[in-house]
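Following: one structure in structure tokens, then a few remarks.
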Amino acid sequence: QVQLVESGGGLVQAGGSLRLSCAASGFTFGSYHINWYRQAPGKLRELVARIYVTGNVDVKDSVKGRFTASRVNARNTVYLQMNTLQPEDTAVYYCNVVVRSEMYWGQGTQVTVSS
């Protein structure tokens with residue numbers, strides 16, 4: 001079955017960096033776009049980045065220039081590199097894939113940015 005496992009979250013000071021990983025299994029990884037979402041307390045879950053099968057990436061306007069995403073198909077893994085983190089980036093970060101019209105989520109990884 002489809003599984004997504006995020007890792008790499010933690011507590012970081014403002015201005016710091018983190019790299020999140022999402023290890024995938026149960027589907028033909030290289031054939032699917034993979035998304036990173038985040039959900040802050042009291043807010044809706046929002047799309048942060050999409051990594052296309054081509055390797056091209058779209059990121060949310062508010063994180064452009066700070067966040068980027070990548071994939072290593074040989075490892076069935078996607079990454080979210082987050083630089084110059086700000087307190088407003090505090091959230092649970094999830095990876096996501098839609099396989100045969102079914103949406104799958106990982107368990108999420110907490111990112112906390114202190115001011």
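Which trypsin sites (Lys or Arg not before Pro) does segment 30-82 hold that lie in a coil by DSSP with at most 16 other beta carbons within 10 Å?
Lys43, Arg45, Lys60, Lys64, Arg66
Using 1/(1 + (r/R0)^6) with R0 = 41 angstrom and r between the beta carbons of Lys43 and Arg75, what's the FRET efficiency to the nearest 0.05? The partial results should precede the final answer.
Details: r = 31 Å, r/R0 = 0.76.
For R0 = 41 Å, the calculated efficiency reads 0.85.
Placing one identical point scatterer on every Cα of the chain and ignoring solvent, what is log10 I(q)/I(0) from the Debye formula at q = 0.19, 0.20, 0.24 Å⁻¹?
-0.94, -1.03, -1.44
Show me the chymotrypsin sites (Phe, Trp or Tyr not before Pro) within segment 1-70 that DSSP assigns to loop and that have at most 13 other Cβ atoms within 10 Å of their Cβ.
Of the chymotrypsin sites (Phe, Trp or Tyr not before Pro), the ones in loops of segment 1-70 whose Cβ has at most 13 other Cβ atoms within 10 Å are Tyr52.
First compute the accessible area of segment 36-115 with a 1.4 Å probe, then give the percent of it belonging to carbon and sulfur atoms. Provide the component values of the computation, followed by the final result.
Working: 2040 of 4330 Å².
About 47 percent, which is the carbon plus sulfur part of the accessible surface.
When Lys and Arg each count +1 and Asp and Glu each count -1, what net charge do the other residues less than 10 Å away from Gln39, Cβ to Cβ, add up to?
+2
Using a probe radius of 1.4 Å on heavy atoms only, what accessible surface per residue do you get for the chain? Whole Å² is fine.
The answer is 53 Å² per residue.
The values are calculated or read from the model by the stated rules, or taken from the named source; none is laboratory data. Just so you know, these numbers come straight off a predicted model, no measurement behind them. Counting neighbours? That spans all protein chains shown, and the Cβs are built from the backbone with ideal geometry, glycine included. Heads up: the accessible areas ignore ligands, DNA and RNA and are worked out on the full protein's heavy atoms, side chains in. Shrake-Rupley method; radii C 1.70, N 1.55, O 1.52, S 1.80 Å.
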